[in-house]
1. Please verify whether segment 251-271 includes one or more residues that are over 17 Å from residue 128 (Cα atoms), in contact with a helix residue (DSSP H, G or I) (Cβ under 6 Å, 6 or more places away or on another chain) and at pLDDT below 95.
2. Taking the options 235, 208, name whichever one is touching a strand residue (DSSP E or B) at 6+ places or on another chain (Cβ under 8 Å), crowded, with 18+ Cβ neighbours inside 10 Å and within 20 Å of residue 119 (Cα to Cα).
3. Search segment 1-15 for residues being touching a residue at least 24 places away in the same chain (Cβ under 8 Å) and more than 17 Å from the chain's Cα centre (by Cα), and hand back the single one that is nearest to residue 186 (Cα to Cα).
4. Test residue 11 against the stated conditions and say whether it is part of a helix (DSSP H, G or I) and surrounded by fewer than 20 Cβ atoms within 10 Å (Cβ to Cβ).
5. Given (1) closer than 30 Å to residue 220 by Cβ; (2) within 15 Å of the chain's Cα centre (by Cα), identify the lone condition not met by residue 135.
6. How many of the residues in segment 125-169 are over 19 Å from residue 83 (Cα atoms) and either in a helix (DSSP H, G or I) or free of Cβ contacts under 8 Å to residues at least 24 places away in the same chain (or both)?
7. For residue 248, only one of the following conditions fails: (1) surrounded by fewer than 15 Cβ atoms within 10 Å (Cβ to Cβ); (2) over 22 Å from the mean Cα position of the chain (by Cα); (3) in contact (Cβ under 8 Å) with a residue 24 or more places away in the chain. What is its number?
8. Return the total of residues in segment 251-275 being more than 21 Å from the chain's Cα centre (by Cα) and farther than 23 Å from residue 66 by Cα.
């Protein structure tokens, strides 16, 4: 069982979610069906984590579950608002109408995802280099364990900063709303895998995708150690722009989190922290 999970979990689950998202994105019931698909995918990641944990110490709550649930609700609200309200309005206002409409939906989902991911890479990297943006990005690096629920731990300001350039780009190009809906149904499942406490591996393909075995390095407590592997879904950006780090040694319990031991842990206190002049 553990061997099957190790090598098949990510490609099998993500493959099913991708096919499901492409199939459902243009259907009349997409607004209901796609969130259900995403929820099923994320819960599957949680179940796999229970069956085959990477670090036993990370299976125990650190008082973080309630905050992470709140962050996941916030993330879902932002996604639904972006797909069903903000994007349709912006696309009809600023679209240049140059998106290749002859593309099949799966290609538009993937193409839109690549553009969004490219924007996320640069805004993520900038969030580590700008002292102001880092203040809003810190909540994401505050957990001292990685598990399936904390992929969505993002300050609302940071979430908007990270996503806006890519969304503006696909709106300008005129990508169909269904492509955005499909991609944003896939992304939360990938983020759950990316932060999951699952003993899984993509082998050599780990250098192409932002999976847990690569992303754990990005959450190292030492600030300089964490300036690597910024890609959300695709690590090709890290490879192209010199931020890829691939090492085979394990990340251990106690290696993660912020150096500031006084940083708040709660959802509301973390949202207030960037505005606290004492920090």
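1. Yes, some residue in segment 251-271 is over 17 Å from residue 128 (Cα atoms), in contact with a helix residue (DSSP H, G or I) (Cβ under 6 Å, 6 or more places away or on another chain) and at pLDDT below 95.
2. Being touching a strand residue (DSSP E or B) at 6+ places or on another chain (Cβ under 8 Å), crowded, with 18+ Cβ neighbours inside 10 Å and within 20 Å of residue 119 (Cα to Cα) holds for just one of 235, 208, which is 235.
3. For segment 1-15, the residue satisfying everything is 9.
4. So residue 11 passes the test.
5. Going through the list (1) closer than 30 Å to residue 220 by Cβ; (2) within 15 Å of the chain's Cα centre (by Cα), residue 135 breaks only (2).
6. Going through segment 125-169 one residue at a time, the tally reaches 19.
7. (3)
8. Result for segment 251-275: 1.
The values are calculated or read from the model by the stated rules, or taken from the named source; none is laboratory data. What you see is a predicted model; the values in this text were computed from it and never measured. Reconstructed Cβ throughout: ideal geometry from the backbone, glycine too, with neighbour counts over all protein chains shown.
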